[in-house]
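Asks: The structure under discussion is supplied below as structure tokens; questions concerning it will follow.
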Amino acid sequence: METETLTREKHNLIASDRVEGTTVRRADGTKVGTIERLMIDKVSGNVAYAVLSHGGFLGIGEKRLPIPWSRLDYDPKLAAYHLDLSEQEFVGAPTSDKDFDWGDRSQEIEIHKYYKAPYYWGAY
């Protein structure tokens, strides 16, 4: 009987539950938070945002920042996503608090302008 060796194949796909909880770091390796959830465009099927959870303790005082997916790069050496954002930019970043409306395109436009990221839905 032939022994089968199981190896992990390298590929470009990852399940969303493996992304959730992944650390996000700056270029210098400083941890800025973790990915809480992904927001996926229903029509295209593309990931639009990673909602970054930052700060707080036991869920109290946490900030949630919708980061355009195009602004994150995965670094396999760190097993983390990289976000090129200064501390000042990070502090002033838009949050998705209890009043945030994912159906309000004007709020999404402001997020993309802030991060200087292309719109995931096309040109407006």
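The values are calculated or read from the model by the stated rules, or taken from the named source; none is laboratory data. Here the structure is a predicted model, which is why all the values come from computation and not from measurement. Every residue, glycine among them, receives a Cβ derived from its backbone with ideal geometry; neighbour counts consider all protein chains shown.
Asks: Need the failing condition index for MET39 against (1) touching a strand residue (DSSP E or B) at 6+ places or on another chain (Cβ under 6 Å); (2) part of a loop (DSSP other than H, G, I, E, B); (3) within 18 Å of PRO118 (Cβ to Cβ), just the number.
Replies: It fails just one condition, (2).
Asks: Inspect all residues belonging to segment 49-62 and state whether any of them is at pLDDT below 95, surrounded by fewer than 16 Cβ atoms within 10 Å (Cβ to Cβ), among the polar types (S, T, N, Q) and farther than 22 Å from TRP121 by Cα.
Replies: no
Asks: Residue pairs, Cβ under 8 Å, 6 or more apart or interchain, first in segment 60-77 and at positive phi, second not in a strand (DSSP E or B). List them.
Replies: GLY61/GLY55
Asks: Here is a list of conditions, (1) surrounded by fewer than 16 Cβ atoms within 10 Å (Cβ to Cβ); (2) within 27 Å of ILE14 (Cα to Cα); (3) of a type in the set (Ser, Thr, Tyr); (4) at pLDDT 90 or above, and SER44 meets all of them except one; can you say which number that is?
Replies: (4)
Asks: Just to check your reading of the model, which residue among TYR114, TYR119 is outside any loop (DSSP other than H, G, I, E, B) and aromatic (Phe, Trp, Tyr)?
Replies: TYR114
Asks: Just to be sure I understand, how many residues within segment 17-38 are closer than 25 Å to ASP104 by Cα, in contact (Cβ under 8 Å) with a residue 24 or more places away in the chain and surrounded by fewer than 16 Cβ atoms within 10 Å (Cβ to Cβ)?
Replies: Qualifying residue count, segment 17-38: 1.
Asks: Another question, if that's okay. Does ASP75 count as at pLDDT 85 or above, under 16 Å from the mean Cα position of the chain (by Cα) and surrounded by 12 or more Cβ atoms within 10 Å (Cβ to Cβ)?
Replies: yes
Asks: Output the residues belonging to segment 79-94 that are surrounded by 14 or more Cβ atoms within 10 Å (Cβ to Cβ) and more than 14 Å from LEU65 (Cβ to Cβ).
Replies: ALA80, HIS82
Asks: Of all residues in segment 96-111, which are part of a loop (DSSP other than H, G, I, E, B) and farther than 14 Å from PRO68 by Cβ? Can you show your working first?
Replies: Applying the first criterion (part of a loop (DSSP other than H, G, I, E, B)) to segment 96-111 yields 96-104.
Within segment 96-111, ASP97, LYS98, ASP99, PHE100, ASP101, GLY103, ASP104 meet the criteria.
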